Structure formats: structure tokens, C-alpha cells
1. Give 74, 42 a once-over and let me know the one that is surrounded by fewer than 18 Cβ atoms within 10 Å (Cβ to Cβ), touching a strand residue (DSSP E or B) at 6+ places or on another chain (Cβ under 8 Å) and more than 20 Å from residue 114 (Cβ to Cβ).
2. Go through the stretch 77-95 and count every residue that is under 21 Å from residue 112 (Cβ atoms) and not in a strand (DSSP E or B).
3. Being under 12 Å from residue 31 (Cβ atoms) and either surrounded by fewer than 13 Cβ atoms within 10 Å (Cβ to Cβ) or more than 11 Å from the chain's Cα centre (by Cα) (or both) is the filter here; which residues of the stretch 81-116 pass it?
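Every read-out reported here was derived from the displayed coordinates using simple, explicitly stated rules and does not represent laboratory data. All values derive from a computational prediction rather than experimental measurement. Cβ atoms come from the backbone with ideal geometry, glycine included; neighbour counts cover every protein chain shown.
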């Protein structure tokens with residue numbers, strides 16, 4: 001019985017680890033870092049802005065509707081519940097400073113990530 005209990009906790013831990021992603025990401029000036037494009041499940045993004053500048057957080061629905069979720073100021077943390085097939089962008093409008101964010105994703109971590117130039 002004890003072995004079964006230990007095995008169950010081990011499997012639960014492996015399953016949880018497979019659904020969690022941690023990363024520190026650098027965002028060049030006048031660029032955005034984009035989480036999720038295409039088909040994916042829901043997830044929670046826990047973000048900490050560890051850079052010097054502020055970043056705008058923008059959510060884009062599956063239908064292409066963009067909504068600003070506000071400004072993530074330097075040293076602040078934010079938690080974002082992201083629905084299926086929804087994109088979240090971290091926009092660095094600074095002309096010279098790189099943005100830096102610590103990312104922790106829980107849920108569907110099988111999603112695209114990449115960079116995009118900011119629209120004028």
C-alpha cells in the first residue's frame with residue numbers, strides 16, 4: 001500500500017511538472033513577446049517584470065479583438081488567466097531598454113511563443 005501511495009505522488013508530480021513552464025525572457029526595444037498563437041488550451045501566466053521599464057499587456061481573442069490588460073510596471077507581478085486560443089502580448093515601447101520578464105505558465109504549455117515588432 002505504501003509503494004502505491006508513493007508511486008501515485010510521483011506520477012502526480014511528473015504530471016504537474018509537464019504542465020508547468022518557467023523562463024526568463026528578454027524583449028528588445030520596440031518589440032513584443034507573444035504567448036500563444038494558433039490552437040492551444042487554457043493556461044495561467046504568472047509574470048514578473050524584472051526589467052527597468054514598464055510593459056503593456058495586451059490580450060488578443062481568437063477573433064482578433066485586442067484588449068489592453070494594463071501596464072505591468074517594473075518589479076511588479078501579474079497573473080493572467082488565458083482562455084483557449086487566446087494570445088497575450090508583452091509590449092516593450094521603450095526606445096533603448098530591453099524588457100525582462102520572468103514567466104511561469106501552468107496549464108497547456110504546448111503553445112507557440114515568439115517576438116513581433118510593435119505596430120506604429
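1. Exactly one residue qualifies, and that residue is 74.
2. Counting residues in the stretch 77-95 that are under 21 Å from residue 112 (Cβ atoms) and not in a strand (DSSP E or B) gives 4.
3. Selection gives 91, 92, 93, 94, 95, 97, 98, 99, 114, 115, 116.
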